[in-house]
Structure formats: C-alpha cells, structure tokens
Amino acid sequence: MYIIFIDACPTTMAKSFLPLVNFIKQLDKAFNACFVSLEFASYSNPELENKSLQQILQDSSLRYIEFRNLCNKKIEKFLLEEKPNAVFTNGYRIYDQLWIGISKQLCIPTFHLQQGFEIDSVYFKPYALLSKISKSIRMSYALFGISRITDSNFIILLTQYLGHLFNNKSLKGTALCNKKLHPNRTFVYSEFYKEFWYNKFGIDKESMVLISPIDFLLIPNVRNSIKQNACCYITQTLVEDGRMSKREFTKHLSTYKKIVSHTEKFIIKLHPRANVDIYYNIFRNFPNVEFTREFPNCTVYLTHYSSMAFTAAFFSNTVILHELKGHTTPAIFKRVASHVVSSVDQIIDILDKKDDKRDFSFEDNFSFEDKKKIIEYYAMYDNNNPYKKIYDNLQSEFSRRL
C-alpha cells in the first residue's frame, strides 16, 4: 500500500498524519507513504518546521516532497509517475479540493480527514489577501484549476469564494460543491459534522465515517497527569491566518496581563503554528506565566473558538470563551463553554468566583461517561482508536476496487 498525504506544511503533517502512518506501519510492514507539503501555511515556526521534518524523515521508508505547483497538468504528471494507491488530505481547503479532483480524474481513491472542529466561516479580514499576495495568487490559481475540472466559469467561482470568505455567503450551488471534488471517503467527528459537510458542500453522508477527534487521543494521558491550579489560555492562529492584524491582537493580548495577576499560574498553550514572539514579548517577565506546546490538565481554560475547547471540557467544568469583536462565537463551541464573555473584567470575576452564572457547564457530579454522552452529537468519543478505523476503511476501499 502506497499513499500520498497532502497538507500545508511539515508541522501540520507531523501532527495529523505521522501518527496515522506509524500506526498503519505496525499493521502493514510493506506500507509506504509520501508526505507532500504544498507550502501553504500562512505562518510557520522555522524551528518547529525543521523539528517536524526531522520527525518525518526519521523513518527511511517515508518520503517528503515540497510541491508548490498548483497547475493541473503538473499535479497529474506527478500522480501518474508516483502511482499511489490513494491520496489523503487533512482538510477540505481549495488546494485539497484541487488535488482530490485531479486524483479522481485519474481514478485514484481519495480520503479526507476532518481537521479540527470546522466552522463555516473563519472571519478573514480583507487586508489578509493584500498582506499575503503570493498565497492569494496561488489560491486563485487553484480555483482556476478547479474551474477546469468542474467546467465552470472561473470569474464567477472566484467571486463566490471571496463572498464566502469575507461575507459568509453560502457555497451551495457553486462549483465547489461539485461531486467531482468530493473524496471517496471522509472521516468526520460526529453526526453534527455529517450534516455540516452535507449542507456546506453536498458531500454524500453515506461516504462519511465517524471517528473520535484525533485530539481526544490526548485525553487518557492528560487525565492521569497532576491537575494544576492554573488558567490555561489555548491560543489560535488569529494573526497567522489573517483573521486579526498583529497590532490588533497584541493590543488584545496585553489586556490579559490583568488576568495573570488574578491567577496562581497562567499557562499559554501554544498552537503548533503560533508566532511565539507575540506571546513572549508580552508575558516573558511574569514569573507565574508558563509556555507549553503540550496540553496541560488545569482547573480553568480560556480560549476564543479553538477546537481544543472540546478536549478541555473533559478536564474542567470552567471553559471560558472570550468572544472577540467581529468574531462571533460559533454555536458548536458554546456547547462546551461554561461562560461566553466579551471582556477581561468578566473573566476576572469568574476566576475570583464573583460570577457563578454559567451559560453551560458539566455538573461536578457528572462522570466521564456522562460528559461523553452530552457532547456525543458534536464530538463522538468511543473506545475505538480512530487510526484503526481509518486503516480498516482503507483496506475495505482497496478490497472493493480489486
């Protein structure tokens, strides 16, 4: 079995795909994989990128290729030369759809792994396009490639896509919902996401397979770690992805100094692609602030609309979502939030136990199993290893095609 794995950069591939590949190799010694980085990350930490790349290359049977070209013919040529048994994407972005569409034209099975708790719009700012000219041009080129696959008008498609990015307009009825771009099998987190992908892109629900979120694999080890009396701030790539300007976010983050003074310990859980300098410059001189890339077991969690809020809900009954101006909190995240707030003072009142009014919370007497049932519709958590489910479905798909 030989599979090509597509993603934006080494860091995201090492996080999402390398554990899957290592799992499959334990079951299939003849398995081979090629990691193809499209070099599409808006921001990546050079040190972490190099570390991730070294993790991938530790296994001499794995290959790594940078493939920036989004020309249909170039991608087709590459796939014909490689002759993979399947192409696997870690998301359903424009470039993922392009690779899926070309793979399907060549009758190569395609698989899609849900990346985090997807929402319909990520609130991009118009200046994000201007500040990332190269990426914007490449994205437009990918859309042109998709228009070729779907026999659609490129200008209309580009207009529709920009309307979705900046005005949250529906993609229904656009070329991006064309079945030629739909993967053969999609691994999703819940019944909610079956509806989500069907409503957004028209993907057939029968082609979707339920798995536990990959992040939930962290839960057993974190549960067994010592709980810290701390407020953990789960960071997101708001600046890195162009959802907020660096100046705007730095100003917001500086207000958290007030929160630090009201906590015994303030832990900053860094996103894999976080620009760490933003956080270090503000908090490095505070003795009770700790930076980490590992997920800690804390009494309180604070974030905006990070996917990790669902994981946090299994460790604490206090998960605070700080709603930012222009960034409406998605309804799915409110399901696990104890509080949805709009100011730092509200957060401090919660930390000082002056605000006991909760929008939603797991009661203290709720068992771990109770919590699993409460969020089951949004995030299925069972005892089946998601990687084993993926492997079994790969085997089933290949057997069906023989």
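Laid out as a table, the results:
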| read-out | value |
| --- | --- |
| Check on residue 108, surrounded by fewer than 14 Cβ atoms within 10 Å (Cβ to Cβ), β-branched (Val, Ile, Thr), without any contact (Cβ under 8 Å) to a residue 40 or more places away in the chain and not in a helix (DSSP H, G or I) | no |
| Selection count, region 228-247, where residues are assigned to a strand (DSSP E or B), within 22 Å of the chain's Cα centre (by Cα) and not aromatic (Phe, Trp, Tyr) | 2 |
| Verdict on residue 145 being modelled with pLDDT of 95 or more, buried (at least 20 other Cβ atoms within 10 Å of the Cβ) and small (Gly, Ala, Ser) | yes |
| Failed condition for residue 234, given (1) surrounded by fewer than 21 Cβ atoms within 10 Å (Cβ to Cβ); (2) in contact with a strand residue (DSSP E or B) (Cβ under 7 Å, 6 or more places away or on another chain) | (1) |
| Qualifying residue in region 345-368 (condition: under 26 Å from residue 272 (Cα atoms) and either buried (at least 16 other Cβ atoms within 10 Å of the Cβ) or assigned by TED's automatic domain parsing to the domain that holds residue 225 (or both)) | yes |
| Candidates 306, 342, 338, filtered to the one that is assigned by TED's automatic domain parsing to the domain that holds residue 369, among the hydroxyl-bearing types (Ser, Thr, Tyr) and surrounded by fewer than 17 Cβ atoms within 10 Å (Cβ to Cβ) | 342 |
| Neighbours by Cβ (under 8 Å, 6+ apart or cross-chain): first from region 323-335, outside the structural domain of residue 302 (by TED's automatic domain parsing); second part of a loop (DSSP other than H, G, I, E, B) | none |
| Residue within region 349-359 that is modelled with pLDDT under 90, among the charged types (D, E, K, R), over 23 Å from the mean Cα position of the chain (by Cα) and under 27 Å from residue 248 (Cβ atoms) present | yes |
| Test: residue in region 231-246 that is modelled with pLDDT of 95 or more, more than 29 Å from residue 298 (Cβ to Cβ), out of contact with any Asp or Glu (no Cβ under 7 Å at 6 or more places or on another chain) and of a type outside the set (A, V, I, L, M) | no |
| Check on residue 225, within 30 Å of residue 353 (Cβ to Cβ), among the polar types (S, T, N, Q) and not in a helix (DSSP H, G or I) | yes |
| Of residues in region 244-291 being among the hydroxyl-bearing types (Ser, Thr, Tyr) and out of contact with any strand residue (DSSP E or B) (no Cβ under 6 Å at 6 or more places or on another chain), the one surrounded by the most Cβ atoms within 10 Å (Cβ to Cβ) | 256 |
| Scan of region 257-294 for residues that are in a loop (DSSP other than H, G, I, E, B), closer than 21 Å to residue 307 by Cα and not acidic (Asp, Glu), ordered by number | 270, 271, 272, 273, 274, 275, 293 |
| When residues of region 372-395 are limited to those that are among the polar types (S, T, N, Q) and over 15 Å from residue 213 (Cβ atoms), the one surrounded by the fewest Cβ atoms within 10 Å (Cβ to Cβ) | 395 |
| Given (1) in a helix (DSSP H, G or I); (2) closer than 19 Å to residue 179 by Cα, number of the condition residue 26 does not satisfy | (2) |
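Each row is one residue, and each column tells you yes or no for (1) in contact with a helix residue (DSSP H, G or I) (Cβ under 8 Å, 6 or more places away or on another chain); (2) surrounded by 15 or more Cβ atoms within 10 Å (Cβ to Cβ).
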| position | (1), (2) |
| --- | --- |
| 164 | no, yes |
| 201 | yes, yes |
| 205 | yes, no |
| 208 | yes, yes |
| 213 | yes, yes |
| 220 | no, no |
| 226 | no, no |
| 238 | yes, yes |
| 242 | yes, yes |
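The values are calculated or read from the model by the stated rules, or taken from the named source; none is laboratory data. On a predicted model such as this, the values are computed, not experimentally measured, just so you know. Glycine gets a Cβ as well: all are built from the backbone with ideal geometry, and neighbour counts include every protein chain shown.
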